[in-house]
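Enquirer: Just passing along the structure, written as structure tokens.
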Amino acid sequence: MEIVEIRKKIEKYQKEGKRLFTTSSFQTHSIPMLHILSEIDNSIPVYFINTGYLFPETVSFRDEIATQLGLTIVDLKPNTPKNMQRETNGKLMFTTDPDHCCYLNKTQPMESVLASHDVWINGVRGDQSAVRKAMKVEQSAPFDSIRFHPMLDWDNRKIFAYAKEHNLPKHPLDAKGYISIGCEPCTRKMDLDMQEREARWFGLNKVECGLHTDLVK
């Protein structure tokens, strides 16, 4: 979608009285959408899913972007404390069951947000994975909510051209070879022969955390 279309769609939702929110992982490629939204309405809350496993650089970058764009950040934390996220052998769940770890730390906390809002402005792009490529710009989600994917047809070239045009900062780990950045235990540096999402959950048959598989209809 072009920026003028994104603005019209958001203003239409607002005129209809819908409660809007967005989420962000605050990676470099996430910032253009946040910039666009900040120029449309920077009071739209930005939920930051703080799993407790994030790189400290990500948290610092979030604060930098929030200040620069005047965003309203809501820190969203898991319902289940880490001492209850252990297997019977005492190991934290990400070591043996990363799907359930993602559910407890990301998907489950988002359910209450969806239940209290009408529209989730989500920055997924079709070029990121086969799951995302199959999505629509507007899609039904649980709790009678709507997922709005304004960046679905944007690609890396368009994302980074926008970032360059608006002089947007980069995540500090970019320079160290990290391209797709999530929780520290499940993120590795990018190899030249890897696709973007393969830097996450490396070696596992997993490319999504559940936010874009469980919380979509």
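Enquirer: Check the straight Cα-Cα distances from residue 106 and name the lysines below 17 Å, setting aside those fewer than 8 residues away within the same chain.
Expert: Candidates past the 8-residue exclusion: 77, 82, 206.
Enquirer: Also, quick follow-up: When ligands, DNA and RNA are left out and all protein chains stay put, how many square angstrom of accessible area per residue does the chain have with a 1.4 Å probe? Walk me through the intermediate numbers first.
Expert: Details: 10810 Å² over 217 residues.
Result: 50 Å² per residue.
Enquirer: What does the helix-only formula give at 222 nm for the chain: each DSSP H stretch with n ≥ 4 adding -39500 (n - 2.57), the total divided by the residues, and the result rounded to the nearest 500 deg cm²/dmol? Can you show the working numbers first?
Expert: Details: 7 runs with 65 residues, N = 217.
So the calculated ellipticity at 222 nm is -8500 deg cm²/dmol.
Enquirer: Helix 3-15 against the longest principal axis of the chain: what's the angle in degrees, Cα atoms only, rounded to the nearest 10?
Expert: Value to nearest ten degrees: 90.
Enquirer: Could you grab the relative contact order for segment 59-166? Cα pairs under 8 Å, six or more apart, rounded to a whole percent. Could you put the intermediate results ahead of the total?
Expert: On the way: 108 pairs, mean separation 20.0, N = 108.
RCO, segment 59-166: 19 percent.
Enquirer: May I ask which of 15/170; 133/158; 164/189 have a Cα-Cα span longer than 26 Å here? Spell out each step's value before the answer.
Expert: Values: 15/170 34 Å; 133/158 16 Å; 164/189 23 Å.
Long pairs (Cα-Cα over 26 Å): 15/170.
Enquirer: Further question on the same structure: Report, in debye and to the nearest 20, how large the dipole of segment 20-124 comes out about its Cα centre when Lys and Arg carry +1 and Asp and Glu carry -1 on their Cβ. Before the final figure, lay out the partial values.
Expert: Values: 6 positive and 11 negative charges, 75 e Å.
The dipole magnitude comes to about 360 debye.
Enquirer: Angle check, please: helix 156-165 long axis (alpha carbons) against the longest principal axis of the chain (alpha carbons), in degrees 0 to 90, nearest 10.
Expert: 60 degrees
Enquirer: Sticking with this one: Whole-Hz ³J(HN,Hα) for each residue in segment 122-129, computed from phi via Karplus 6.51 cos²θ - 1.76 cosθ + 1.60 with θ = phi - 60°, x for glycine and proline: what do you get?
Expert: 10, x, 4, 10, x, 7, 8, 6
Enquirer: Using the Karplus equation 6.51 cos²θ - 1.76 cosθ + 1.60 (θ = phi - 60°), what ³J(HN,Hα) coupling, rounded to whole Hz, does each residue of segment 37-50 give in order, writing x for Gly and Pro?
Expert: 5, 5, 7, 8, 6, 7, 8, 4, x, 10, 7, 10, 7, 8
Enquirer: Can I get the semi-axes of the chain's equivalent ellipsoid? Compute them from the C-alpha gyration tensor as square roots of 5 times the eigenvalues, in angstrom, largest first.
Expert: Working: eigenvalues 140, 88, 57 Å².
Those come to 26, 21, 17 Å.
Enquirer: Rank 13, 103, 53 by accessible area, highest first, at a 1.4 Å probe radius? Don't skip to the answer; put the middle values down first.
Expert: Details: 13 5, 103 70, 53 30 Å².
Largest to smallest exposure gives the sequence 103, 53, 13.
Enquirer: What list of ³J(HN,Hα) couplings, whole Hz, do you get for segment 168-180 from phi and the Karplus terms 6.51, -1.76, 1.60, once you set θ to phi - 60° and write x for glycine and proline?
Expert: Taking θ as phi minus 60°, the curve returns 7, x, 9, 4, x, 7, 4, 5, 9, x, 8, 10, 9 Hz for segment 168-180.
Enquirer: Still on this structure, I have one more. Let me know the whole percent of all Cα-Cα pairs from segment 1-125 that are separated by more than 16 Å. Intermediate results must be reported in sequence, preceding the final value.
Expert: Details: 5062 of 7750 pairs.
Here the long-distance tail beyond 16 Å is 65 percent of all Cα pairs in segment 1-125.
Enquirer: So in the chain, what percent of DSSP beta bridges are antiparallel if you round to the nearest 5? Mind showing how you got there, number by number?
Expert: On the way: 7 of 19 bridges.
Bridges in the chain are about 35 percent antiparallel.
Enquirer: Residue 12: which lysines have alpha carbons under 19 Å from its alpha carbon, excluding same-chain residues fewer than 8 sequence positions away?
Expert: Those lysines meeting the cut-off are 136.
Enquirer: On to the next question. Note the angle between two axes, namely the Cα long axis of helix 56-69 and the longest principal axis of the Cα atoms of the chain, as a number of degrees from 0 to 90, rounded to the nearest 10.
Expert: It is inclined by approximately 10 degrees.
Enquirer: Hey, another quick one. Could you pull out every one of the aspartates and glutamates with an alpha carbon less than 15 Å from that of residue 18, ignoring same-chain neighbours closer than 8 positions?
Expert: Excluding near neighbours in sequence, the set is 41, 118, 138, 144.
Enquirer: Once you mark the GluC sites (Glu not before Pro) that are in a DSSP loop and have at most 10 other Cβ atoms within 10 Å, what is the longest gap between them in the chain? Don't jump to the answer; show the numbers that get you there.
Expert: Values: sites that count: 2, 16.
Maximal segment without exposed cleavage sites: 17-217.
The values are calculated or read from the model by the stated rules, or taken from the named source; none is laboratory data. Everything quoted here is computed from the prediction, not taken from an experiment. No Cβ is skipped: glycine too gets one built from the backbone with ideal geometry, and neighbour counts run over all protein chains shown. SASA here: full protein model, heavy atoms, side chains in, ligands and nucleic acids out. Shrake-Rupley method; radii C 1.70, N 1.55, O 1.52, S 1.80 Å.
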